Amino acid sequence: AQPYWDLFYIHWPVPQVFVDTYKELRQMQLEDARKIRNIGLSNFHIADYEELLPHIHADVKVVADGQQAPSSSIPSQPIVNQMEVSPFMYRPETIEYFQTKHGMCVAASKALHRGQGWDDADDNAGDDHGNIVLKLTRRD
């Protein structure tokens, strides 16, 4: 069997590069969907995605082995945005934007904030709920 990537991330929206990076990955995906099944984003803010948006649904003329790629079976937009989401950095507007407006999954990175900031946590806070302190967080 041929190796493939189920999900290929654009890790960071590097200015003046990430749009071309997306176009190249999309081109590769359309040429041979067996190589790259899905494209994902990482650390994209709303403004970054809106800069990319006009290029996502742009028609890409692709012919692989003399045939046009079956675009109906290939997702035309990124399926996930992996970004920092934690009790210390919670961005409900950004999460809502990607999930609701664009149907993307938001994957939390640094969800436990690299173990930092928990020094002042009440070690017994989870006892009443059967949880450890890192599972019990509160947003104000």
Q.
Can you give me the long-range amide H partners of W5? Hydrogens built in the peptide plane at 1.01 Å from N, cutoff under 5 Å, separation of 5 or more residues or another chain.
A. I36, R37
(Q) How much length would be gained if the chain were fully extended between H57 and Q27, taking 0.36 nm per residue of separation minus their Cα-Cα distance, in nm to one decimal? (A) 9.6 nm
Q. Near the amide H of V80, under 5 Å away, which other amide H atoms are found, from residues 5 or more places off or on another chain, if H is placed in the peptide plane?
A. L41, C105
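Just so you know, all these numbers are worked out from the coordinates, no wet-lab data involved. In this text, all values refer to a predicted model and were calculated from it rather than measured experimentally.
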